[in-house]
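Just below is one structure, and these are the notes that go with it.
Please treat every number below as a calculation from the coordinates, not as lab data. Here the structure is a predicted model, which is why all the values come from computation and not from measurement. Note that each Cβ is placed from the backbone with ideal geometry, even for glycine, and that neighbours are counted across all protein chains shown.
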Amino acid sequence: MKRTNISSTYQRSRSYSPAVITEGGKTVWLAGHLAWEDEAGNSLANDFDGQVRCVFRKLDATLNEAGGDLADIVTMTIFLTNVSNNTRFVELRKEFFEDPNYPASTLITAAALNRPELLVEINAVAVIA
């Protein structure tokens, strides 16, 4: 798969690309991933950092089943229940993606997700070589 990212310095500082161009590969459409508890069954209720990190681990596990990993994500949509978590999300996302290969991204503030303790949901599209 050939991948080209289009982005400015500002966009890279926010860990996203406004456009990602791919050629070839297998497309994987990822449903919204949530995390009300971690992999050990510990509650992540109202733990923004814990939920974000766990969601990315879950996305990675799903992609592993398809033969890929987080680096194959080309676009994502993030739903946050509190706009004040916007900058913190950007900081956390940098733990999982390397500059300059950030995915295209849309960040939406939603009134609520499907459980009251949930603070973030992410769906994505990946292209695996």
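Observations
- Computed over region 1-102, Cα set: Rg, Dmax in Å: 14.2, 40
- Each of 126, 17, 83 was placed along the dipole of the chain (beta-carbon charges, centred on the mean Cα), and the one lying farthest toward the positive end is 17.
- Net +/- balance of residues flanking residue 48 in space, Cβ distance below 13 Å, scoring K and R +1, D and E -1: -2
- The relative contact order of the chain, computed from alpha carbon pairs under 8 Å that lie at least 6 residues apart in sequence, is 38 percent.
- Each 5 Å bin from zero holds the following percent of Cα-Cα pairs in region 1-54: 4, 15, 13, 13, 16, 17, 13, 8, 0.
- Spatially proximal lysines relative to residue 26 (Cα-Cα < 24 Å; intrachain offsets below 8 disregarded): 2, 58
- Ranked by the mean number of other Cβ atoms within 10 Å of their residues, highest first, the peptides 98-107, 118-127, 74-83 come out as 118-127, 74-83, 98-107.
- Between 0 and 90°, nearest 10: helix 48-65 axis offset from the chain longest Cα axis: 50 degrees
- The magnitude of the dipole of the chain, with charges of +1 and -1 set on the Cβ of Lys/Arg and Asp/Glu and taken from the Cα centre, is near 440 debye.
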